[in-house]
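A.B. asks: Have a look at the structure that comes next, please.
The values are calculated or read from the model by the stated rules, or taken from the named source; none is laboratory data. From a predicted model like this one, the values you see are computed outputs, not experimental measurements. Please note: Cβ atoms are built from the backbone with ideal geometry, for glycine as well, and neighbour counts cover all protein chains shown. SASA here: full protein model, heavy atoms, side chains in, ligands and nucleic acids out. Shrake-Rupley method; radii C 1.70, N 1.55, O 1.52, S 1.80 Å.
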Amino acid sequence: MVLSSPERSGVRLLYVGPDEATAAPVVEALEAAGFTVDRVADSRQARDRVADRSLDCVVSEQSLPDGTGLELLRDIRRSDDTLPFVLFTGDGSERLASEAISAGVTDYVPRDDSEKQRGALVDSVAAAVEDGHREFAEVTEQLKDQAIDEAPVGITIADGRRRDTPLIYVNDAFEELTGYRQPEVLGRNCNFMQGDESSEAQIAEMARAIDEDEPVSVEIVNYTKGGEPFWNRVDIAPIEGESGEVTHYVGFQLDITDRVEAEREAKRQAEKATRERETVEALLDRLDGLVTDVTSRLLGADSREAVEKAVTGRLVETDEYAAAWVAERDPGSDTVSATTWAGIADPPGPVAADADDPVARAARANETQVVTDGLADRYAELVDGGVGGIAALPLGYGDVGYGVLVVALDSEGSLPEPERRVLSAVGQLTAMALHDLASRRLLGSDEVIELEFALSGDEPFFVGLSAELGGEFTHAGTVTRDGEDTTLFFETDADPEA
């Protein structure tokens, strides 16, 4: 915020700018600071106002209808070399600033629409009128020396007249960066900071640029006095003497280790992401091919054996699967046994239906079981080289079970989530094919088989009941519940009341 000063109330300013909309906020800011401001639109009006010697300062834009602010400055300086003149322009450039300074500008302020820059203009005008005529700020040799000494980047100066270009100056930041004190490096070529990891190509590039008197910028590994490597951005520029020949080289050193390491880490992460994406894409392609092939083979299978052989045979064609088999539950022995297999000479033996075994659990719970650690010996040694895991997939369609499809991974195999879902889909396809075969067999049968059973020994209750009531009992169904009674349903022609 610009504050008004009572001492400025009598200070008369002339603002030269052709566009009232652009000039208005600037004039308001100057007036708010306490100055008395008049505005004119062009150089002619400005020269007329300057001629009456009633102004304390002129502020001019660069682009004017009848010339430029720089031309106006030169005109005024021919008759008045003390009147403060501030060039406030949005058309600035390094060349314009240099020419304005040469022409005797008091100050040069870049213009934009921000309040900050309007405040900077107020400060400039205040300094100009309060100090009297003030030339553009002068940079003394002492200021230059101090700036170089205290710069936050390493600065070196080397003697370009000698073949070995020895250092003749280093600043404090160079000492902090490298650990070398000034007496240790003066008279030496800067290559003492190079080491095993320093790029030969970058060293050669610096040597070439120096030989050809050209500026150069490289990023190179350098070493501190303690032997610690760091990434150094080195900028070298030749300095010419009065004769036009290069007499010195100024060098700037900046530690960019954090940036380089961050870029390398970002590159590593990008490469890792690319590898992972390619792995996933390859996996998806392989699994898509697996599902497509299984579907095609199942369409041509005309028996349960053909279905099981088609699925197990296609699975073991995949490099990651060492063996595959279909296991069914045998009600007579209450065990789960392999019926069809591929990839192995002999399948694992039967396992009790209530055993703590992945295949038995899949058959009991009708849920997929995956085991990759702690495999039982009956699976771990199934193939040469060992087995990396077992996936047991129940083959269920609705409430009908058709056994378990078992896949054994090779020793290096794994089962990421996408692959588990695909194997589950293969199991569902297999169950659908088996169910379709069973349905077609029932629908296509042209004969009916009726079985009659004769019971001997102690009569079951319903036999005695049939004799007692003089009626026939036909078994309609049985419901068995774990831990509860078994319920039998019969149809009878006996007297309901009896």
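A.B. asks: Pick from the range 85-105 the residues that are assigned to a loop (DSSP other than H, G, I, E, B) and out of contact with any Asp or Glu (no Cβ under 7 Å at 6 or more places or on another chain): which of them is surrounded by the fewest Cβ atoms within 10 Å (Cβ to Cβ)?
C.D. replies: 93
A.B. asks: Considering only the range 9-69, give the strands (runs of 3 or more DSSP E) lying wholly within it that have at least 1 residues that are surrounded by fewer than 20 Cβ atoms within 10 Å (Cβ to Cβ) and in contact with a Gly (Cβ under 7 Å, 6 or more places away or on another chain).
C.D. replies: 36-40
A.B. asks: Right, next: With respect to residue 77, determine if the residue is open to solvent by 70 Å² or more (accessible area, probe 1.4 Å) and either at pLDDT 90 or above or assigned to a strand (DSSP E or B) (or both).
C.D. replies: Here the answer is no, as residue 77 does not meet what is asked.
A.B. asks: Next question. Within the range 380-392, identify whether any single residue is assigned to a loop (DSSP other than H, G, I, E, B) and crowded, with 19+ Cβ neighbours inside 10 Å, and answer yes or no.
C.D. replies: yes
A.B. asks: Do any strands (runs of 3 or more DSSP E) entirely within the range 173-260 hold 3 or more residues that are among the charged types (D, E, K, R), and if so, which?
C.D. replies: Filter on the range 173-260 gives 229-240.
A.B. asks: Please pick out the residue among 363, 345 that is of a type in the set (A, V, I, L, M, F, W, C) and either touching a residue at least 24 places away in the same chain (Cβ under 8 Å) or over 19 Å from residue 382 (Cβ atoms) (or both).
C.D. replies: Criteria check complete, one pass: 363.
A.B. asks: Among the listed residues 119, 92, identify the single one that is within 24 Å of residue 33 (Cβ to Cβ) and modelled with pLDDT under 80.
C.D. replies: 92
A.B. asks: When you go through (1) of a type outside the set (A, V, I, L, M, F, W, C); (2) surrounded by 19 or more Cβ atoms within 10 Å (Cβ to Cβ); (3) in a strand (DSSP E or B) one by one for residue 339, which number turns out not to apply?
C.D. replies: The failed condition is (2).
A.B. asks: Given the criteria in contact with an Asp or Glu (Cβ under 9 Å, 6 or more places away or on another chain), at pLDDT below 80 and surrounded by fewer than 21 Cβ atoms within 10 Å (Cβ to Cβ), does residue 364 qualify?
C.D. replies: Taking the combined requirement at face value, the residue does not satisfy it.
A.B. asks: If we keep just the residues of the range 169-186 that are over 12 Å from residue 158 (Cβ atoms) and hydroxyl-bearing (Ser, Thr, Tyr), which is least open to solvent (accessible area, probe 1.4 Å)?
C.D. replies: Of everything passing the filter in the range 169-186, 178 is least open to solvent (accessible area, probe 1.4 Å).
A.B. asks: Right, next: Condition first: at positive phi and basic (Lys, Arg). Can you find one or more residues in the range 89-99 that meet it?
C.D. replies: No - not one qualifying residue is present in the range 89-99.
A.B. asks: Continuing with the same structure: Determine if the range 176-194 includes at least one residue that is out of contact with any Leu (no Cβ under 7 Å at 6 or more places or on another chain), among the aliphatic types (A, V, I, L, M) and over 21 Å from residue 246 (Cα atoms).
C.D. replies: Yes, some residue in the range 176-194 is out of contact with any Leu (no Cβ under 7 Å at 6 or more places or on another chain), among the aliphatic types (A, V, I, L, M) and over 21 Å from residue 246 (Cα atoms).
A.B. asks: With 131, 145, 123 as the choices, which residue is surrounded by fewer than 13 Cβ atoms within 10 Å (Cβ to Cβ), under 30 Å from residue 90 (Cα atoms) and free of Cβ contacts under 8 Å to residues at least 60 places away in the same chain?
C.D. replies: The unique qualifying residue is 131.
A.B. asks: To continue, here is another question. Any idea how many residues of the range 61-104 are within 19 Å of residue 131 (Cα to Cα) and β-branched (Val, Ile, Thr)?
C.D. replies: Going through the range 61-104 one residue at a time, the tally reaches 3.
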